[in-house]
Structure formats: structure tokens, C-alpha cells
Amino acid sequence: MPLPDGLILVTGGHGFIVRFYASVEIIVSLTVNQGGNMARHLASIGRRKIRIVDISRTAYLEPPADAEVLIGNLCDPAFCKTAVRGVKTVLHFAATMGGMGVIHSDNDFTIYQENHRMTLNLLAAAVSAGVNLFFYASSACVYPNSLQGADNKDVSLKEDDAYAQLPPSPQGLYGLEKLNTENVLFQYTSGLSIRIARFHNVYGPGGSWVGGREKAPAAFLRKALALKRTEASTKEMEIWGSGDQRRSFCFIDDAVEAILALIQSDCEEVVNIGDDRSVTVRELADIAIRCADLNRADVQYHYVHDKPVGVASRNSNNDRVRKLLGWSPKTTLEEGMRSTGGWIAGEMDQALNHLKQSERADVLRRWTTSEKIDLQAEATTFAILLPITSRGSASPDDCLDNLARFARSLALTTKDDIARLGVRYRVRIYLAIDHDDDFLLTCGKEGNRAERVLRQEGLSQLSTIICHHPRGHVCALWRDCARAAWKDGADYMTLMGDDVILQDASWMSAAVDAFEQLSVEHGVPLGFGCVAFMDTSFPGMPTFPVVHRMHMDIFKGEVIPDMFVNQDGDPFLFQLYRRWGCSRMMLPRVSNAVGGSEGARYHKVSAVGWTYGPLDDATTAVESWLCEHRQLVERKLTIDVVIPCYRVNLTYVDRFLALRPSSTCTVMFIIIVDDPCSPNIAALMGRYAHRPDIRIRVNAQNMGASAARNRGLQESSAEWVLFLDDDVTPEDNILIETEKVIRTNPSAAGFVGTALFPVADTVATAAIHLAGVTYFWDIARKRADDNDLPWGVTACLVARRHMEDNIVFDLGFPKTGGGEDIDYCRRKRDFSFAHGGVGFCAAPDVVVTHPWWKQGRRSWWRFYMWSKGDGALVAKYPEFTYRQAAPNSAESLVLCAVLTVGACTISLLTSGATGTVLRIAFLGTRACLSLLAANIAHDLYRHGWRNADRTAALHMALGGWQLVVAMIESTFIRIFSEYGRLAGMLERGEYGVIGMSFDWFTNRAGDGPRREENKNRLQRVALWILILAIWCGM
């Protein structure tokens, strides 16, 4: 019978036979570990489209490339309904199982509950969805113990033998569940084609080989191969039991061939799938020793009699399967063991790579023994690290009220995870109480007061740690709790506070799932990273993080460095693992009733400078650990985009926050709102405050762009910062291009991006270009190969942040801007050179487009104010200043006006003749007007003829009389700017530098710009004198 058309569902797909992602929330690798190979075989012959489900995200072997993969728990009925949607054939391999290290009596109830629940859920969903064929992987454990005793050496178990004894007495509840499930399935033969196979010890490449879930062939091969790799002269192999137990073993390829034959046949009877050659366990160990190329005489057997061994003798009778399906196994035990041993050897060598000699020896020693798994004791333990104090509240009893609320929320949000079948979770609370907190430490029959409150809420797994730290040192209490939990073997450490309310159920499984996703996405070991709750009282902040014990292993039992007092510990953990892209906020939420962004019960102490040396030191420690354990894991580049935001224009903000980096870079957006009265703040917060890669801060009052950028720097913990103005439009690839230039020149102080403007299509906008205002905005393109650009505008500027240079924007410059960008770049550049780096490099492909100010409407005041600010550079950087042969136009105009007023005043005081005063005033007016005419004429000559090539290169769409008018207006913008610098010098009392100029190229362009400026001034003076002489001679 051909398989029904349509989708095939394979459960337990990460297991051995399925060998793919299957949706079983089980700790072991599935039923007979058969699903993975089955899925691969179906895919290889192009049989049907395949959907694979598993609870695990990882597998030993790669799944079929075109298979659909679902991750979930078959103990969840809703997931089963999703899994079977559109399915016509179900191949059900998923189960909680393993070798005797798992299916012993201590695990009976857990195994029965989980396996039966999985199959019932899946069967119900299959019936409802109209599935045609349901294959079930049963087990040889269904056969009665009475037929498999020590006196049944040559037992050959036929399918009908399952009911040879009534009531049936299979091997443990594992076998009973399999037998009961067979009976349940046969109740649905009227609507489903049922196929059932009882597997007898399937083994081969891709199966579990370590951890307690492996079966005997893999266990013996691992032990033998480990002995081969040890240097010990005495080699001892462990065998559970006497070694006389008999078993038959079926190679995976043969088992897959039998399954395919069964599901494509009309056979509705249960069939054995196994080998009918049995050997003793001791003989199996002998074969493993030969496969490892060891001399049997060099190995001593150590018989362990206190471990489970199962039945005394078991062997498959293949008469029925041979008759009905024409199937017999083809692979001998020796051939299969040799093939499996080669695969396990490769897995072992890969695991041993990069281990230190001491670690390697310890791992090999552990591999020579087998584990007995206690499924309940193996539950994933979440340690709740809970500092608590009765101080700082209006009444000591308040802390107990807070604790009771926390406890209720903890019990409510963990009960589903704890009760769920298929995976096992438990919670243990580590209370940290100050040694002198007499109120809390008052003891009764149920422990101290805090313990009593927790027990009343049903939380019984508790440990109290009496701490001797200064008051308010919350991070020290966290460290004590984490250390104790680590020593107790806890899997996850959750940093909590007694005033926290957990809001969402199943947060433990959500955290585990997040760590699994990080492992799959970034190729890091499972448990590497940091997962934080969504804090509704402090949106965007990674408060109350969860870390795996792997973090504690890396840092030798210290959860956070001892420099942290009571602030910044949680963001430290988040930012540390962000450097590998392994920080994540999960959906479950918490609220922080007392602390958070509001007041706390203690004096808040920030860890000054933690984003520099301490974060770098921790990064180095993690890198060293990864190098030893997983060499291929590379760090990601971290960039923070800092946007001082006064306008809070969501059109621009949306564009910023839609930018995406490459897979080798992590980016955080830091928005500093500098207008607390903006009506758009609520919309901004509502739209983006929940995103973990966005941090929104609102200044209490308008501080100016420089102060906002400084706050952004303070909030940042990335290696690099990209400054963007809040009204620019970045290119979609700006983050990728930023990463490229950083990786090309990582020792740079920073990078100057390109800020373009829309085409200048009005007189006002063209005049701005012609006045030279925008010259340095695209300096990166003009000097694309320069690795020491003079400076760059903050509209698009990249700066190195992780060097502790204490350089911020100087707030002495005007809030409206002007000079602060040049000053910042020069100080960053000097620090970089002093510490072996280079200056600001050109980044011509890091591009933004800046709009025309005020939508292109005429506004000279902005340039005047900028110039007031940048005029301060003359006094601040005398090495870049010079004096020209003639004053600039603004200075000349002011000089004319001053001389005219002075002469009129003297004349009036000395002679009193108003006629003379009027003649002087008239002459002075002529001089000023002549000076303006000379400047206009010179700019027309300069832009229209002498430097016509430069004018043509400007991004303008004007010609004819409009261009002439723009040239004239550019004269007034230039003079207005020069007047701003003069006014600023006068206001600051910098009289000694009046008449001096600042070299905008900071000596990087030689004396060419100075000579050209000197020539322009002399030509204007000459033209001024000529015009004035002609006018006066008329």
C-alpha cells in the first residue's frame, strides 16, 4: 500500500531514528531515537513533504534541507493540533526514554505520564484532522518479565507473547505504557490505518552516546574509545550487572528499511523490528574494545551491581516481519558497531578539542562510566536570588507585605511550568538578609520571618544566607546568593528584588527557550548569554536578568564584579553578552514597585566607569573561555546610535529605528528627547519603549544638542557611537557601512560620514552652498582617503567610545551649536594619537541626507549663532589660528562704522559744525556701501568665473539671474557669519584674538586655504578702494 498523498509528520525528529527536530518536551532523545534517520531517508527518496517536530532545537545530525521544522511540546494539546494541520501520515517516534540509565523504576511515573500524554494528544489531534495513517514506535519492553528471566537464555519473543501472562507484566511502567498505547491505537482502526513496530535496541551513528540516555552499544563504544585516549596503564571498563544479560541489537539502517516497508504495506499487525542474534552484554563489550583497537587483555571489567540492568534475556523473533514484509536485518553486529564507533570517535574528538589537558583528562574519566538519570531530580532549577531588608520602609512590616506580593506572583507565574509534563522545572529561593536585620531574622518554627511568608505562599525550597555587607549593597547580596546557588548546582540564576511583581506565567520555559534560540542563532554553547524580563516600570532597561550557570563557571562563581554596589549590575550582564549578540529580552514582564526609575529604600550608588575597564575585562574573560570551549564563536561589533531629539518627529524616528545592522554587529538606539513638552513623547514611548534595542530618555528641560549627546554617551556601553541629527534621513545601509569602516580601521578615533543636502533649487538654498556653509558636511567624499580628517559635523559622525578618555561635548559652546563638533573631534583625535591610534578617518559611504533648515526658507540667524560659537576656537586652539594681511569683511564694516561714528563725535565736540559731521557720516556710509559692493562684485567674479568649476560642482539647480541673485545673497550670509564670530569674541572678552582666523583644515591642507583666503581679502580691499575712489571722484 503506497503512503497517502500529503504531508508526513515525523515526531521526535531530533532523535536517532528521526534524527530531526521533533516536538517532544522530553529530556531524552526520543523513543528509539529513530525519527531522525527516518526523516532523512524519506527526504532522500523524495517521498513526500516532511514536517518534523521536537522539543529540542539541536540534533547530532543535520535535518533534511527542505523539511519544515516545528519546536514544541507534544504534551501540549494545542501544539499537537498545530503539528498535524494538513498532515496525512504521522510517524510517531517521540518519547521520554533511553537505556537502563533512564527507564528504571525510579522514573516510572514520569515516563508513563509524559509518554501517554504525548500519544493521546497526538492521536486526538490526528483523528480530528483526518489523518490517514498513524505509525507508532513501540518497544520490546512490552514483553512479560516472566519470559525474560535468567533461565530463558535462548528466548525468542514473538509478537503474541506480550499477552502470554495475564494480567500483562511488561518491563516497568515504560513497557506498560507502550502496551497500553498499542491497545488505545487499535480502538481507532476504523478511521485510521494503524502501523505499530516494537523495536529491539536500535543503535547506530547519530544516537545518544553520552549523558545517561545512551543504550549499551553506544555506552560501551564510548567507554572503550575513552580508554583508548587515556594515558593510564590500567584500563578498566564498567559493566552494569554480571555481564551475562543477553540482548539483540538492530542497526539503524536496517530499522529504517523495516519501517519504510511497514508503512507502505497492508500489514495491520504489530511486528518486531530487531535482530534475532543475541549476545551477552560482556560479549558486546568485547566487540566495543575491538572497535576501539584496544587489546582485550589490557582491559579489566568492573562489574557494578547497584545499577539497573533490566531483564536477564531478550531476543527478537522475526518470523512475522519476515513473512509479512519480507524483511530481515542485513548488518552484522560487528559491522554496525564499527560504523557507530567511527562516528562516536569523531564526536568525542570534536568535544575534546580546545580543552585543557586537565579538563580533557576529567572528561575522559567521566566517559568511562555511565550515569543513572533521575528525571525528577534532573529538573531545570531556577535560583531566585532575593536580597531582602526591613529597612528604608515606613514600617518594617512593609517589607513582608512586599515579599508576600512577590511570593504570590512567583507561585502564580511558575505553577504551569512546574506542573507541565514533558519538561521539568523547579524553583529554589535564596534569601539574602543582613546579619543585623533583627526584625527579619527573628526565628520561629518555620524559620525566619521572610521564610515564613514564603512558605505560607507555598514556596518551600528555601535557603537563607546571612550576609555581612554595608547596608544598601544589593549587588553584594546578589553575589552571595548566586555563589550559593552555583555550588548547589542550580541551572539558572535570576536576579530579583523583594518589591518585584512577576506578571506573566511560564516565564521559566520562556527563558530556557530564549537561551536555546541564542544557541541556535549564534552558534554559542547552550546557556551562553543573558535574558532579561520586560520591566513595565522602567521600559527598555534590562532589569532582573537571568543567567545560566555557565556564566558562573566563566567567572569562577561571581555573578557580577564587586565594583557594583546597588546600581548597574543588571545592565552590565546584558551589555556583556550583547558583544556576542546573546542578550535578549523575553516577553514575560515584571513591575518594580519600589525601585526602578523611582525612589528606592537605599541610597543609589552608580558604578562609575563600568562601561569601560570592567566591561572590557569581563569581555576578555568570556573570550578566553570561549577560545577554550568553542573557538569558532566570534565577537560582534557593538554600536550605539545616539540621536539628540528636540523635534520628536516620528517620521524621522521611524526611519532611524527601522535601520538594521549585519549579523556580525549589534546596535542599540539611544534617543535623548530634549523637549520635555513635546506632544509626541507619548506616541514615541508607546511605539518603541518596549524594544530592548531602544532606550528613550527625556531631559527634564531643554539642555541643547551637546548636552543631549553627552547624556547619550553616558547611557551608551557600546564600543562605538554613531551620532545622527534628529532630522537627517540615513541611507538604509548606514549601519553596515559604519561597521565596514570600523573593521577596516579599528584604531581610529572615529569616522566622519557624509551629510548631503537635497538639490538647491531656490535662491536661498543655493546661497547657503555658495557661502561655504555646507563645505565640510561632505568632507569625507572630498578627502575620501584621509585617515586624519580635521573634523566632522555631528549630523553623521562616528566616535570610538570604549576608551575611557572622559571626552564629551563642551557645554561652553552655545546650545544652538557652533564649534562644539570641531572641539570634540580635536580632543578625541589627540587622545587617540597619544594612545597609539589614529585620527578621524573618512567614511564616504556612511551617508545621511540633511534637509534644508526651515524647509529652505531664508534664515541667516542660525549661521550667525553657529559662528558665535565656532569663533571660540580661535582662542582655544592658537596652533590653528593665523592673522591675514587684511581684516575680513565683517571686521572691515565694523571698523568703518566705528571710525565714522568716532570721527563724527570728535568733529561735533571740537568744532560743533554739523556740516562737517554730515560730510564724515556721508563718507563713512559710502565706505560701508562700497565695501558691500566690493564683496558682492568679488563673489560674483569668484563664483562666476575664477572658481566656476567649484560652482558647477555644487548640487544646485539654478541658472541665469537666479544664480546671480544667489551669489549676491551668499555674500550677506558670509558677512553675517563673520560678524557672529566677531560678536562672540567681544562677548567672551577675547579682544586679543580679534582679527585672527581659524584654519578649518587644522593645518591638514597646508597653507593653500590660508593663501586663498588672504588673496580673497586683498582683492576685496583693492576692489573696495577702487569703488570708493570712483564714487568719491564722481
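Listed values, structure above:
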| item | result |
| --- | --- |
| Residue that is nearest to Trp961 (Cα to Cα) [pool: residues in region 751-764 that are of a type in the set (Val, Ile, Thr) and crowded, with 24+ Cβ neighbours inside 10 Å] | Thr754 |
| Criterion violated by Cys627 - all others in (1) in a helix (DSSP H, G or I); (2) modelled with pLDDT under 95; (3) under 23 Å from Arg483 (Cβ atoms) satisfied | (3) |
| Residue within region 583-600 that is in contact with a Pro (Cβ under 8 Å, 6 or more places away or on another chain), at pLDDT below 90 and farther than 23 Å from Thr664 by Cβ present | no |
| Qualifying positions in region 616-630 - among the polar types (S, T, N, Q) and open to solvent by 40 Å² or more (accessible area, probe 1.4 Å) | Thr620, Ser624 |
| Members of region 781-822 that are of a type in the set (D, E, K, R) and either farther than 22 Å from Ala718 by Cα or assigned to a loop (DSSP other than H, G, I, E, B) (or both) | Arg781, Lys782, Arg783, Asp785, Asp786, Asp788, Arg801, Glu804, Asp805, Asp810, Lys815, Glu820 |
| Residues of region 964-1003 classified as open to solvent by 20 Å² or more (accessible area, probe 1.4 Å) and among the polar types (S, T, N, Q), total | 1 |
| Hits in region 633-647 - residues which are among the acidic types (Asp, Glu) and crowded, with 19+ Cβ neighbours inside 10 Å | Asp640 |
| Count of residues meeting criterion [farther than 20 Å from Tyr652 by Cβ and either assigned to a strand (DSSP E or B) or aromatic (Phe, Trp, Tyr) (or both)] in region 704-746 | 1 |
| Test: residue in region 142-151 that is in contact (Cβ under 8 Å) with a residue 40 or more places away in the chain, open to solvent by 10 Å² or more (accessible area, probe 1.4 Å) and within 54 Å of the chain's Cα centre (by Cα) | yes |
| Which numbered condition Arg1010 misses (of (1) outside any helix (DSSP H, G or I); (2) of a type outside the set (Phe, Trp, Tyr); (3) open to solvent by 30 Å² or more (accessible area, probe 1.4 Å); (4) in contact with a strand residue (DSSP E or B) (Cβ under 7 Å, 6 or more places away or on another chain)) | (1) |
| Of residues in region 659-703 being part of a loop (DSSP other than H, G, I, E, B) and polar (S, T, N, Q), the one most open to solvent (accessible area, probe 1.4 Å) | Gln701 |
| Some residue of region 844-857 being of a type in the set (Ser, Thr, Tyr) and assigned by the TED database to the domain that holds Thr794 | yes |
| Region 813-827, subset within 33 Å of the chain's Cα centre (by Cα) and open to solvent by 10 Å² or more (accessible area, probe 1.4 Å), residue nearest to Glu987 (Cα to Cα) | Asp821 |
| Search result, residues across region 945-963 that are touching a His at 6+ places or on another chain (Cβ under 9 Å) and open to solvent by 50 Å² or more (accessible area, probe 1.4 Å) | Arg950, Leu954, His955 |
| The lone exception for Leu940 - which of (1) of a type outside the set (Phe, Trp, Tyr); (2) at pLDDT 90 or above; (3) open to solvent by less than 40 Å² (accessible area, probe 1.4 Å); (4) farther than 20 Å from Leu982 by Cβ it fails | (3) |
| Among residues of region 313-352, those that are loosely packed, with under 15 Cβ neighbours inside 10 Å and within 30 Å of Glu268 (Cβ to Cβ), counted | 6 |
| Matching residues in region 583-594 - criterion: being crowded, with 24+ Cβ neighbours inside 10 Å and not in a strand (DSSP E or B) | none |
| Breaking point among (1) under 16 Å from Lys228 (Cα atoms); (2) among the small types (Gly, Ala, Ser); (3) assigned to a loop (DSSP other than H, G, I, E, B), for Ala345 | (3) |
| Among residues of region 228-246, those that are out of contact with any Ser or Thr (no Cβ under 6 Å at 6 or more places or on another chain) and either surrounded by 17 or more Cβ atoms within 10 Å (Cβ to Cβ) or assigned to a helix (DSSP H, G or I) (or both), counted | 8 |
| Unmet criterion (only one of (1) over 26 Å from Arg471 (Cα atoms); (2) in contact (Cβ under 8 Å) with a residue 60 or more places away in the chain) for Met541 | (1) |
| Residues of region 156-170 classified as open to solvent by 70 Å² or more (accessible area, probe 1.4 Å) and assigned to a helix (DSSP H, G or I), total | 2 |
| Residue identified as in contact with a Gly (Cβ under 8 Å, 6 or more places away or on another chain), touching a residue at least 24 places away in the same chain (Cβ under 8 Å) and not assigned by the TED database to the domain that holds Met996 among Ala872, Ala897 | Ala872 |
| Tally, over region 178-201, of residues that are hydrophobic (A, V, I, L, M, F, W, C), out of contact with any Ser or Thr (no Cβ under 9 Å at 6 or more places or on another chain) and either free of Cβ contacts under 8 Å to residues at least 60 places away in the same chain or not in a loop (DSSP other than H, G, I, E, B) (or both) | 2 |
| Filter result for Leu811 (over 20 Å from Phe880 (Cβ atoms) and not assigned by the TED database to the domain that holds Phe972) | yes |
| Leu410 being more than 30 Å from Asn115 (Cα to Cα) and touching a strand residue (DSSP E or B) at 6+ places or on another chain (Cβ under 9 Å) | no |
| Selection status of Arg655, closer than 21 Å to Leu576 by Cβ and touching a residue at least 60 places away in the same chain (Cβ under 8 Å) | no |
| Test: Ser832 is in contact with a helix residue (DSSP H, G or I) (Cβ under 7 Å, 6 or more places away or on another chain), open to solvent by less than 40 Å² (accessible area, probe 1.4 Å), outside any strand (DSSP E or B) and among the polar types (S, T, N, Q) | no |
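The values are calculated or read from the model by the stated rules, or taken from the named source; none is laboratory data. Predicted model only: the values in this text are computed from it and were never measured. Please note: Cβ atoms are built from the backbone with ideal geometry, for glycine as well, and neighbour counts cover all protein chains shown. Calculation scope for accessible area: heavy atoms of the full protein, side chains included, ligands and nucleic acids excluded. Shrake-Rupley method; radii C 1.70, N 1.55, O 1.52, S 1.80 Å.
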